[in-house]
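What follows is one structure encoded as structure tokens, with my remarks underneath.
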């Protein structure tokens with residue numbers, strides 16, 4: 001799948017204004033956001049991008065926001081060059097080492113994950129992914145069935161697998177992510193994983209002890225009811241891909257409708273990851 005990236009640079013903006021802008025971009029199908037100095041980059045599948053929708057959104061922004069933006073198509077070759085140039089190994093709590101195929105292995109870490117992301121999202125460097133990895137390190141996955149929604153490169157499922165999960169199901173609507181998950185599973189010797197291309201409609205009709213979902217607020221809100229149907233009693237859900245205000249409250253309220261109780265959350269910069277349990 002080809003992507004469009006829109007780079008926003010701000011000379012003047014409040015945090016709440018930036019949060020609102022990201023929420024509005026998510027509402028018109030932008031699905032991934034990366035923080036940069038003085039702004040952020042928003043990504044959207046090329047076949048979902050409507051220039052008129054973006055222009056209409058930006059024309060209605062608060063007049064106090066001073067910004068520039070640049071729209072670019074991501075070419076696969078350029079993407080690969082950029083991530084190879086900028087992808088440094090990642091240390092998660094001195095327990096998990098995330099590296100690319102061209103980095104040396106460090107056997108002193110308890111867990112090592114090798115990622116070749118190509119054009120898929122999820123190297124562990126974004127705050128949402130690193131917080132989810134922290135939650136996984138803190139959780140017992142022994143003999144558990146795990147569903148990873150919006151799996152990207154498969155990184156979250158792989159760590160769950162290395163921690164003893166019995167069965168892994170990894171789902172992403174992006175065909176590149178689906179293919180990347182399969183390739184990375186082989187790199188990490190993960191054989192008990194089923195990768196599926198699609199959304200909530202392709203979730204297998206079976207029950208899970210743990211669900212991992214690092215997507216965005218709007219998609220999560222839409223899919224919570226489906227998650228509740230396939231999550232076992234006392235099962236855990238870990239969500240990320242959203243902000244503390246107002247997103248977390250909205251997700252807590254939606255989860256409560258289906259017997260899913262908020263436990264706690266982590267915060268890194270503006271981003272939040274949260275833990276829930278089904279009562």
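Things to note:
- Meets criteria (under 18 Å from residue 165 (Cα atoms) and in contact with a strand residue (DSSP E or B) (Cβ under 9 Å, 6 or more places away or on another chain)) for residue 235: yes
- Selection status of residue 57, under 20 Å from residue 247 (Cα atoms), modelled with pLDDT of 90 or more and either within 19 Å of the chain's Cα centre (by Cα) or outside the structural domain of residue 152 (by TED's automatic domain parsing) (or both): yes
- Hits in segment 161-171 - residues which are more than 16 Å from residue 223 (Cβ to Cβ) and surrounded by 24 or more Cβ atoms within 10 Å (Cβ to Cβ): 161, 165, 168
- Search result, residues across segment 186-209 that are surrounded by fewer than 22 Cβ atoms within 10 Å (Cβ to Cβ) and under 19 Å from the mean Cα position of the chain (by Cα): 194, 196, 197, 198, 199, 200, 201, 202, 203
- Entry remark, segment 221-250: residues being surrounded by 18 or more Cβ atoms within 10 Å (Cβ to Cβ), touching a helix residue (DSSP H, G or I) at 6+ places or on another chain (Cβ under 8 Å) and under 19 Å from residue 21 (Cβ atoms) number 4 in total.
- Just one of the numbered conditions (1) surrounded by 12 or more Cβ atoms within 10 Å (Cβ to Cβ); (2) farther than 24 Å from residue 9 by Cα; (3) over 16 Å from the mean Cα position of the chain (by Cα); (4) modelled with pLDDT under 95 is not true of residue 144: (4).
- Odd one out for residue 253 among (1) free of Cβ contacts under 8 Å to residues at least 12 places away in the same chain; (2) touching a helix residue (DSSP H, G or I) at 6+ places or on another chain (Cβ under 6 Å): (2)
The values are calculated or read from the model by the stated rules, or taken from the named source; none is laboratory data. Model, not experiment: these values are computed from the prediction. A quick note on method: Cβ atoms are made from the backbone with ideal geometry, for glycine too, and the neighbour counts reach across all protein chains shown.
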